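Here the structure comes first, spelled out in structure tokens, and everything after it is commentary.
The values are calculated or read from the model by the stated rules, or taken from the named source; none is laboratory data. Note that the coordinates shown come from a computational prediction; the quantities given were computed from them, not determined experimentally. With ideal geometry, Cβ positions are generated from the backbone for all residues, glycine too; neighbour counts draw on all protein chains shown. Keep in mind that these areas ignore ligands, DNA and RNA; they rest on the heavy atoms of the full protein, side chains included. Shrake-Rupley method; radii C 1.70, N 1.55, O 1.52, S 1.80 Å.
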Amino acid sequence: MHSNLWIEEKFRDFYGMRYKVENVLFSGKSEFQTVDVVETKGHGKMLLNDGLVMVTERDEFVYHDMIAHVPLFVHPNPKKVLVIGGGDGGTAREVIRHESVEKCVMVEIDKMVVDACLEHIPLTSEKLSDPRIELRIEDGIKYVKETTEKFDVILVDSTDPIGPAQPLFNESFYQDIYNCLTDNGIVVSQGESPWYEQTMQKKLVSIKNKLFEKTFIYNFVNLTYPGSFWSFTFATKGLHPIEDFDAKRVAASGLEFKYYNEQIHSGAFALPTFQKKELEGLIQN
Ligand code: SAM
């Protein structure tokens, strides 16, 4: 028990968020990054990679609902799903809630992240032993280059473009993703902040716009990401995220969500003018 321990997530060199820590549960350094799990006073257990907040128990459902359910309710029959990164297990947990999903391959580069979450954050990691999840500890870049498997939906649940995640923001990676997708496949990627990472957003949507038939961006509000307002990019070989979305499927699924619903699905693709202008010509929103 620490009486006066606070951690600060520094974002660039001008912004920070501070959290009161009750207990440090794990601290390690892998060959890729530092990995910490702490118990916070206001946000439950928290995973940090290289000092950046990845997941907190309090708001993890927002990110995991939005990365998984938006594409899985657009694809008419998603059977095989690939998750790149996502070591905390929250994305794979949501993917396998869809009955149509027969297999979810999760490719995480860092075993330390998975092990730390399995031990300390069961809320996100508890489904990793499900037989439909095939967990592979390897580099996602190498996996998509070499695999002969095809996926209906690919979810890039990555850290920011530093360290091992840097190539996950490059064109050659998305060319390989394109080749791994089935004919009406969808790829969704962690799309950074519309406030602070406009250049990176533009780079990501430009790459997708060049390679894919349709490219979109959608937003969500997460308590613990810098600026709270955050994006996913969404690209397809033809499917449209709203026109091909049958809202009745959500109720028919019988699934309950804490953030996602039929209105949020379509509303998330409505962009503020500053973001729309910045990405003009590159997205079909
Ligand atoms: N929700 C999170 C966030 O804050 O953006 C992302 C969560 S998840 C913990 C991100 C994971 O991507 C990390 O565990 C990291 O090890 C993994 N990762 C980074 N580069 C990777 C790569 N090249 N291949 C596979 N996984 C990678």
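Odds and ends about this structure:
- The range 1-68: relative contact order as a whole-number percent, Cα under 8 Å and 6+ apart: 21 percent
- Alpha carbon Rg of the range 151-235, scaled by the compact-globule rule 2.2 N^0.38 Å: 1.05
- The range 5-56, accessible area per residue, ligands and nucleic acids excluded (1.4 Å, Å²): 51 Å²
- Where only DSSP H runs of four or more residues are counted, the chain gives -8000 deg cm²/dmol as its mean residue ellipticity at 222 nm, each run worth -39500 (n - 2.57).
- Summarising the strand pairing of the chain, around 65 percent of its internal DSSP beta bridges are antiparallel.
- In terms of its C-alpha gyration tensor, the range 5-56 has an oblate overall shape, because the principal axis ratio a/c (a ≥ b ≥ c, square roots of the eigenvalues) is not below 1.5 and a/b does not outweigh b/c.
- Dipole of the range 5-56, positive end: most advanced residue of M17, F32, L52 [Cβ charges, Cα centre]: M17
- Entries in K150/K202; K41/K127; K127/K258; K142/K203; K45/K208; K29/K111 that, when Cα-Cα distance is taken, lie over 23 Å: K150/K202; K41/K127; K45/K208
- Normalised by the number of residues in the chain, the average gap of Cα pairs under 8 Å and 6 or more apart makes the relative contact order 16 percent.
- The antiparallel fraction among DSSP beta bridges confined to the range 32-161 stands at about 40%.
- Phi-based couplings in Hz for the range 53-62 (Karplus 6.51, -1.76, 1.60; Gly and Pro marked x): 5, 9, 8, 10, 4, 6, 10, 4, 5, 5
- Fraction of accessible area attributable to carbon and sulfur, the chain (%, probe 1.4 Å): 50 percent
- Coil-residue chymotrypsin sites (Phe, Trp or Tyr not before Pro) of the range 1-33, DSSP, other Cβ within 10 Å capped at 14: F14
- For the range 72-143: accessible area per residue (Å², 1.4 Å): 37 Å²
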